[in-house]
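Asks: Quick one: the structure is below, and I'll ask about it shortly.
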Amino acid sequence: MYRYDEFDHALVQDRVTQFRRQVERRMKGEISEEQFRPLRLMNGLYLQLHAYMLRVAIPYGTLDSRQMRKLAYIARRYDKGYGHFTTRQNIQYNWPKLEETPDILAELAEVEMHAIQTSGNCIRNVTSDQYAGAAKGEIEDPRIWCEIARQWSTLHPEFSFLPRKFKIAITGCENDRAAVKVHDIGMIMKRDAAGEVGFEVLVGGGLGRTPFVGKSIREFLPKEHFLSYMEAILRVYNQLGRRDNKYKARIKVTLHETGQEEFTRLVEEEWEAIKDSTLKLPKEEIDRIAVHFEPPEWKALDDAAPTCDARAASDPGFAAWLRHNVAEHKTPGYAIVNISVKPPGEPPGDVTDVQMEAMADMADAYSFSELRVTHVQNVTLPHVEKEQLPALYDDLAKHGLATANVGLLSDIICCPGLDYCALANARSIPVAQELTRRYTLERQQEIGDMQIKISGCINACGHHHVGNIGILGVDRKGEEHYQVQLGGSASEDASLGKIIGRGFTAEEVVEVVDKLLDTYVELREGDEAFIDTYRRVGMNPFKERVYGTA
Amino acid sequence: MALLERRDGGAAVIDDRFTRVDDEASLPDGPVIVSVSRFQAERDALLSRDGELGVWLESDESPTEIAEDLGHLAVVACNFPAFNDGRGFSYARLLRERYGYEGELRAIGEVMLEQAPFMVRSGFSTFEIQDLSDIAEFKAVVEEVRTVYQPTGDGRATAIQRRLGR
């Protein structure tokens, strides 16, 4: 894991001092709420429906047990005893007091964390693969590049007042677990013909009211130009991006309206002018950062795991958890464990202080003190010995953290919706809760891979466009109403869902999901996943079942 | 309203010797700042006139439009029509780092005190500040964050350069 040096520490500490001064000026009435707004937003402080909300960055989703304990402490001391993990691998606190927010930031700075640029029209927290450093087939740990990007983007003098927010995701694997194709910039690590490692660069992906899958504008970018190329993209966007309409201000619209070819030409032209400037990364700095991401000292283990196998043979609950929540690790004898924080009936992504502390303890006991927050709002322990899996499972179960539903129907992505959010048109959490209560784990396992994603408004924080089944809350004459989309995917085969037809009430929408699932189960061939069946048979059979007519 | 000039370790209030002249108004004597369109329409007359000349860029006017003539200009002003219209930051860097402009670079319009660090780093040298009570805060604000990560034309050593002892 990256550790701050004196320069990183100084920046975060100075930033706390600065925000404390800004809050004091606000409390004394020297600045108005209108003037304070852009300042608080630059430190992740939103004003929501009922209270302030503080969003804390978890850079590329990686944290250690010490940091997780601090997050738990903040939840208990400054909030109502829980936090909410977001789709951008951050954590949100829903009930902080304005006057205490500088203290929270000071607490975070103690453990090398901050809330810088978790909101506002700037470069947001850079996200990545939660299996980074542990995944089979990974070209290189993408977090090295996420950290380089984190530093470069922090308080960037030119790009802090962009037309709109800007999200970057980087993956080192072909299997995309970071949804890189629906980001403003997506970087995919790859090798060129000579075996050199670099990046394919995608631009202009995104959800919201105008969803787009990102376009590849450069097949291969050598590593040393990582920053200069991003600076070129941002400089073109900062000048060209629309500022007359915030719904058309994201780079996806800039690229669409300018045309991919012309946009690419402008970026390449700008890049030519700066690629050999000071932005060119010195090898020493890349190496310095890479050292922090060297693998932990894995033991030389046999890949066979008799204790684990024996437990699986005798305990179907454990076997199910093993099948759904545990993934292959690149090192023999180790596994990647996904902790579902989505038990039936609970708001997806909400975690209590006690659970956070329990996860920190388990990270210390089983995973070299390392944890990850995933973009599907779960938590990952990246390096667990297979023979320890039964013991870990028992520990998780004690804290309600052993739900065996990762990748299944109840592993829902869901935005905070109208229960919290000032922008929402409809509640999303109750729909998620109802769906997760409705199906037994056995039924879910029988259905198999399924991504349901729910947003409470068109801004799509719940990623409904890329859900296999996407649910969008809308306001229809003052009533909460839900549109249903089919066929979305956020993976390497990214696609956007299509609306099935007219919308439904909250009660109807869960029944619609029933019908969609029944249709799929009837139509699937072999072990075909829902998304593949949909792609094979198209919308009509589903539509017929739901509406009684095509 | 006051004009602040960035000085080492802070800023000082200075007299504004320039008159900003609307497109329809007749030109007064002495130093003036005109719009890009007026500059382009009356270029030769403006350049042969006695007195210093400046041009202001609206936020949708790229400095590319005046790049050829920067040697004749005593001031370039970038207008920020709203604090969240950040195009001027790119314009400033292009003026300094791409076109080598070394004269006065002035931020005008909705210049928010808390943006001053970004403006200084991007290359602005003077700032039109609306609220005079902000002036005392200016120095504290500009120097508040000790670490910079990005190389810009301001020459401040970045974290990477300091790590490598360069």
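Asks: When the range A:459-480 is examined, which residues are found to be closer than 19 Å to A:Ile429 by Cβ and surrounded by fewer than 20 Cβ atoms within 10 Å (Cβ to Cβ)?
Replies: Those that are closer than 19 Å to A:Ile429 by Cβ and surrounded by fewer than 20 Cβ atoms within 10 Å (Cβ to Cβ): A:Asn459, A:Val474, A:Asp475, A:Glu479.
Asks: Taking the stated definitions as given, is B:Glu102 part of a loop (DSSP other than H, G, I, E, B) and either within 21 Å of B:Gln150 (Cα to Cα) or more than 9 Å from chain A (Cβ to nearest Cβ) (or both)?
Replies: Spelling it out, B:Glu102 is indeed part of a loop (DSSP other than H, G, I, E, B) and either within 21 Å of B:Gln150 (Cα to Cα) or more than 9 Å from chain A (Cβ to nearest Cβ) (or both).
Asks: What do you reckon, is A:Glu370 outside the structural domain of A:Arg77 (by TED's automatic domain parsing), of a type in the set (Asp, Glu) and either more than 22 Å from A:Leu441 (Cα to Cα) or without any contact (Cβ under 8 Å) to a residue 40 or more places away in the chain (or both)?
Replies: Yes; evaluated as a whole, the condition is true for this residue.
Asks: Then there's this: Of the residues A:Ala426, A:Ala422, which single one is buried (at least 23 other Cβ atoms within 10 Å of the Cβ) and aliphatic (A, V, I, L, M)?
Replies: Result: A:Ala426 is the single residue among A:Ala426, A:Ala422 that is buried (at least 23 other Cβ atoms within 10 Å of the Cβ) and aliphatic (A, V, I, L, M).
Asks: Now for a separate question. When you look at A:Phe7, is it more than 14 Å from chain B (Cβ to nearest Cβ) and under 30 Å from A:Ile289 (Cβ atoms), yes or no?
Replies: no
Asks: May I pose another question? Which of the residues belonging to the range B:128-142 are part of a helix (DSSP H, G or I) and in contact (Cβ under 8 Å) with a residue 12 or more places away in the chain?
Replies: Matches in the range B:128-142: B:Leu132, B:Asp134, B:Ile135, B:Glu137, B:Phe138, B:Lys139, B:Val141, B:Val142.
Asks: Consider A:Ala404 carefully, then state whether it is in contact with a Phe, Trp or Tyr (Cβ under 7 Å, 6 or more places away or on another chain), of a type in the set (Gly, Ala, Ser) and either assigned to a loop (DSSP other than H, G, I, E, B) or farther than 27 Å from A:Met539 by Cβ (or both).
Replies: Yes, satisfied.
Asks: Please pick out the residue among A:Ala320, A:Ala300, A:Ala310, A:Ala327 that is of a type outside the set (Val, Ile, Thr) and touching an Asp or Glu at 6+ places or on another chain (Cβ under 9 Å).
Replies: A:Ala320
Asks: With A:Gly186, A:Gly206, A:Gly214 as the choices, which residue is buried (at least 18 other Cβ atoms within 10 Å of the Cβ), under 18 Å from the mean Cα position of the chain (by Cα), of a type in the set (Gly, Ala, Ser) and closer than 25 Å to A:Leu281 by Cα?
Replies: Just a single option satisfies the conditions, and that option is A:Gly186.
Asks: I need the full set of residues from the range A:484-493 which are of a type outside the set (Val, Ile, Thr) and buried (at least 20 other Cβ atoms within 10 Å of the Cβ), in order please.
Replies: Within the range A:484-493, A:Gln485, A:Leu486, A:Gly487, A:Gly488, A:Ser489, A:Ala490 qualify.
Asks: Out of the range B:47-84, which residues are within 12 Å of another protein chain (Cβ to nearest Cβ), farther than 21 Å from B:Asp16 by Cα and modelled with pLDDT of 95 or more?
Replies: B:Ser59, B:Asp60, B:Glu61, B:Ser62, B:Pro63, B:Thr64
Asks: Now, a different point. What do you reckon, is A:Leu105 within 14 Å of chain B (Cβ to nearest Cβ), within 20 Å of B:Arg146 (Cα to Cα), touching a Lys or Arg at 6+ places or on another chain (Cβ under 9 Å) and not in a loop (DSSP other than H, G, I, E, B)?
Replies: yes
Asks: Inside the range B:121-142, can you point out the residues that are crowded, with 22+ Cβ neighbours inside 10 Å and facing chain A (nearest Cβ under 8 Å)?
Replies: Answer for the range B:121-142, where residues must be crowded, with 22+ Cβ neighbours inside 10 Å and facing chain A (nearest Cβ under 8 Å): B:Arg121, B:Ser122.
Asks: Check A:Leu54 against each of (1) within 14 Å of chain B (Cβ to nearest Cβ); (2) aliphatic (A, V, I, L, M); (3) in contact with a Pro (Cβ under 6 Å, 6 or more places away or on another chain) and name the one condition it does not meet.
Replies: That leaves (1) as the condition not met.
Asks: What number of residues in the range A:122-152 are closer than 25 Å to A:Arg242 by Cβ and free of Cβ contacts under 8 Å to residues at least 60 places away in the same chain?
Replies: Here the count works out to 1.
Asks: Against the condition under 16 Å from A:Pro343 (Cβ atoms), polar (S, T, N, Q) and surrounded by fewer than 24 Cβ atoms within 10 Å (Cβ to Cβ), how does A:Thr436 come out, does it pass?
Replies: So A:Thr436 fails the test.
Asks: Can you pull out the residues in the range B:116-127 that are touching a Ser or Thr at 6+ places or on another chain (Cβ under 8 Å) and not in a loop (DSSP other than H, G, I, E, B)?
Replies: Listed by number, the residues that qualify are B:Phe118, B:Arg121, B:Ser122.
Asks: Next question, about the same structure. Can you tell me which residue within the range A:10-34, out of those that are assigned to a loop (DSSP other than H, G, I, E, B) and facing chain B (nearest Cβ under 10 Å), is nearest to A:Met68 (Cα to Cα)?
Replies: A:Ile31
Asks: Please tell me if A:Phe263 is away from chain B (no Cβ under 13 Å), of a type in the set (A, V, I, L, M, F, W, C) and either surrounded by fewer than 16 Cβ atoms within 10 Å (Cβ to Cβ) or under 25 Å from the mean Cα position of the chain (by Cα) (or both).
Replies: Criteria not met by A:Phe263.
Asks: Then there's this: Kindly list the number of the only condition in (1) in contact with a Lys or Arg (Cβ under 6 Å, 6 or more places away or on another chain); (2) at pLDDT below 90 that fails for B:Asp154.
Replies: With respect to (1) in contact with a Lys or Arg (Cβ under 6 Å, 6 or more places away or on another chain); (2) at pLDDT below 90, B:Asp154 is out only on (2).
Asks: Also: Can you go through B:Val111, B:Val145 and tell me which one is more than 10 Å from chain A (Cβ to nearest Cβ) and in a loop (DSSP other than H, G, I, E, B)?
Replies: Checking each option against the conditions leaves just B:Val111.
Asks: Let me ask you something else. Report yes if some residue within the range A:422-429 is over 21 Å from the mean Cα position of the chain (by Cα) and basic (Lys, Arg); otherwise report no.
Replies: no
Asks: Find the strands (runs of 3 or more DSSP E) located wholly in the range A:35-76 whose residues include 2 or more that are of a type outside the set (Asp, Glu) and surrounded by fewer than 24 Cβ atoms within 10 Å (Cβ to Cβ), and list them.
Replies: A:45-47, A:52-56
The values are calculated or read from the model by the stated rules, or taken from the named source; none is laboratory data. None of the values given here were measured: they were computed from a predicted structure. Don't worry about glycine lacking a Cβ; one is built from the backbone with ideal geometry, like all the others, and counts go over all protein chains shown.
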